[in-house]
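Note sheet for the following structure.
The values are calculated or read from the model by the stated rules, or taken from the named source; none is laboratory data. Given the structure is predicted, the values throughout are model-derived calculations rather than measurements. Cβ atoms come from the backbone with ideal geometry, glycine included; neighbour counts cover every protein chain shown. SASA here: full protein model, heavy atoms, side chains in, ligands and nucleic acids out. Shrake-Rupley method; radii C 1.70, N 1.55, O 1.52, S 1.80 Å.
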Amino acid sequence: MNDINITAYGATDFVGRSSFLLHDRDHNILLDCGIQLVPKQMSIAPKGVDNIAHKVDSVLLSHAHIDHSGYIPALSKHGFEGNYYMTHPTKEIVYKLWLDHLKIEGRRHWSESDLDKVFRRIKTTEYEKPFKVADGITARLINAGHVLGAAQILIDWEGTLILYTADINDRITPMFDGYDLPDEKVDVLLIESTNGDRYVPERSKIDVGLRLMAKQITDEKNKMLLPSFAVGRSQETLITLALDDDLNDVPIYIDGMINHMNMITEHFLSDKWVSKRFLSQLKEAGLYSPFEKQNFIPVPSISNRTHNSRKYISKNEEGSIIVTTSGMLEGGPIHTYLELCGTNPNNVLGFTGYQVEGTTGRDIYDGNKNITLQTSYGQPKKINLKAKVMKFPYSGHSSVDGLKAVMEKSGANEIFLIHGDKRNQEYILSFVKDIAKPRILKEAVPTKLVCL
Ligand SMILES: [Zn+2]
Ligand SMILES: [Zn+2]
């Protein structure tokens, strides 16, 4: 018997730098290769990947988020010569994110020429179409319900079935109807545990609150700032606003990388990638794309005009909504908008996503009013935030009940909890004893997948 092992280079009992090597005597398959973003500091590379890159047969990427993809271009630099497999939307999105990463951190981990090498070796694939990744090993991508193009990866390793969920969502979201599960029972399950101790409210309930507040705030001629993650949450928020006819006359300004991501999303509005329910909603609303609504206004990104546009948007008399990056207020146009609108107590700053400890977003979320902004001229500026803070508890990750359902339905005897903090994982361990005894990996320590 040729034992299959797993070695994690990150995302064991924390979120960040997801990267897992499945290996036996003859094969090495790498699942994801992300970096870990650290508030106010440079990102961290997955530790140890450089040394094994040369022997990897294939790399499979679950989705574009940088904590899963950010280190991939470094693999070519360190000797990887195989192919990268991912969905077509992931390829389009991740390319933008990689370019953005170069702008933010420069060539710390990899350079433009490494990026070129990756692009020559990407193979795109659809959901539910098995493909060969090494001799005796096939893989299949399965809809994850997380962001556009996001996949779970099912691997048939000489008869042993391994399901890597990466990031999954069980909830109905504007574009997806939750994750799919393979029909066959699997032997090994690698499952994320981000919301291991959290029940996520039904999205439709949060949507009602968001729409009501948006209407009320803008009727009173005030501004609603919605900092959002460029991939996923911003499209969801915009779709929620687009499909509410009560907001048809409210100007909705879209600033930053979100506009590029909206364009990419428009290329994939087919039932291959988004739910049929969403497509019929669009049809009913008479829209080809949710982002083509008359009241949606992309802010021009030509640098000498951008600041004037932002000033105009912030200071005019109209009630409006501004959807912009970054989602955790670690930089981006939101800082300029906060500088211009944040000291007016009638305006609202609405959080639409989880705020990681140590970020400016988390500081404000926890009640801090004295914040330091990076202005568009690169100067730090302190302000006393007077705008009201509202919280809309969306999550891109599966609720704890959705995680439990995967563990039960997968049939796996071996379960590994990944991509979640210790508290989440301990909570899961306390209630899944009857299904299997999940294990938690140690970084850079090879662990046998199946205990015989
Ligand atoms: Zn993700
Ligand atoms: Zn993730």
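May I ask you to say which residue of Ile415, Ile435 is β-branched (Val, Ile, Thr) and free of Cβ contacts under 8 Å to residues at least 60 places away in the same chain? Write out each step before concluding.
Values: Ile415 fails: free of Cβ contacts under 8 Å to residues at least 60 places away in the same chain.
Among Ile415, Ile435, only Ile435 is β-branched (Val, Ile, Thr) and free of Cβ contacts under 8 Å to residues at least 60 places away in the same chain.
Please identify the pairs in which a residue from the stretch 254-279 that is free of Cβ contacts under 8 Å to residues at least 24 places away in the same chain and over 15 Å from Val94 (Cα atoms) has its Cβ atom under 8 Å from the Cβ atom of a residue that is open to solvent by 70 Å² or more (accessible area, probe 1.4 Å) and among the charged types (D, E, K, R), counting only partners at least 6 apart or on another chain. From residues that are free of Cβ contacts under 8 Å to residues at least 24 places away in the same chain and over 15 Å from Val94 (Cα atoms), the pairs are Leu279/Asp271.
Among the residues that make up the stretch 19-27, is at least one of them within 16 Å of ligand 1 (Cβ to nearest atom) and at pLDDT 95 or above? Show your work before the answer.
First, pick out the residues of the stretch 19-27 that are within 16 Å of ligand 1 (Cβ to nearest atom): 19-20.
If we keep only those that are at pLDDT 95 or above as well, we get 19-20.
Checking the stretch 19-27: at least one residue is within 16 Å of ligand 1 (Cβ to nearest atom) and at pLDDT 95 or above.
Of the residues His146, His109, which is outside any strand (DSSP E or B) and either within 16 Å of ligand 2 (Cβ to nearest atom) or hydrophobic (A, V, I, L, M, F, W, C) (or both)?
Working: His109 fails: either within 16 Å of ligand 2 (Cβ to nearest atom) or hydrophobic (A, V, I, L, M, F, W, C) (or both).
Going through His146, His109 in turn, just one is outside any strand (DSSP E or B) and either within 16 Å of ligand 2 (Cβ to nearest atom) or hydrophobic (A, V, I, L, M, F, W, C) (or both): His146.
State yes or no: is Tyr312 without any contact (Cβ under 8 Å) to a residue 40 or more places away in the chain and either farther than 22 Å from Gln235 by Cβ or not assigned by TED's automatic domain parsing to the domain that holds Lys223 (or both)? For Tyr312, the condition - without any contact (Cβ under 8 Å) to a residue 40 or more places away in the chain and either farther than 22 Å from Gln235 by Cβ or not assigned by TED's automatic domain parsing to the domain that holds Lys223 (or both) - is met. Out of all the residues in the stretch 187-208, is one or more farther than 30 Å from Ala436 by Cβ and touching a Pro at 6+ places or on another chain (Cβ under 8 Å)? Yes, the stretch 187-208 contains at least one residue that is farther than 30 Å from Ala436 by Cβ and touching a Pro at 6+ places or on another chain (Cβ under 8 Å). Within the span defined as the stretch 175-196, every residue fails to be at positive phi, more than 16 Å from ligand 1 (Cβ to nearest atom) and touching a residue at least 40 places away in the same chain (Cβ under 8 Å). Please indicate, with yes or no, whether at least one residue in the stretch 52-66 is in contact with a helix residue (DSSP H, G or I) (Cβ under 6 Å, 6 or more places away or on another chain) and either open to solvent by 40 Å² or more (accessible area, probe 1.4 Å) or more than 16 Å from ligand 1 (Cβ to nearest atom) (or both). Yes, the stretch 52-66 contains a residue that is in contact with a helix residue (DSSP H, G or I) (Cβ under 6 Å, 6 or more places away or on another chain) and either open to solvent by 40 Å² or more (accessible area, probe 1.4 Å) or more than 16 Å from ligand 1 (Cβ to nearest atom) (or both).
Scanning the stretch 402-419 for residues that are on the phi > 0 side of the Ramachandran plot and within 15 Å of ligand 2 (Cβ to nearest atom) yields a count of 1. Selection within the stretch 1-24: residues that are among the polar types (S, T, N, Q) and not in a strand (DSSP E or B). The member of this set that is farthest from ligand 2 (Cβ to nearest atom) is Asn2. Tell me, which residue of the stretch 158-172 that is under 21 Å from the mean Cα position of the chain (by Cα) and farther than 24 Å from Arg17 by Cβ is most open to solvent (accessible area, probe 1.4 Å)? Looking at the filtered set, the residue picked out is Ile172. From the set of residues in the stretch 107-147 that are closer than 17 Å to Tyr85 by Cβ and within 16 Å of ligand 1 (Cβ to nearest atom), which is nearest to the chain's Cα centre (by Cα)? Restricting to residues being closer than 17 Å to Tyr85 by Cβ and within 16 Å of ligand 1 (Cβ to nearest atom), the top hit is Ala144. Look at Ile155 and say whether it is hydrophobic (A, V, I, L, M, F, W, C), crowded, with 18+ Cβ neighbours inside 10 Å, assigned by TED's automatic domain parsing to the domain that holds Asn28 and in contact with a strand residue (DSSP E or B) (Cβ under 9 Å, 6 or more places away or on another chain). Yes.
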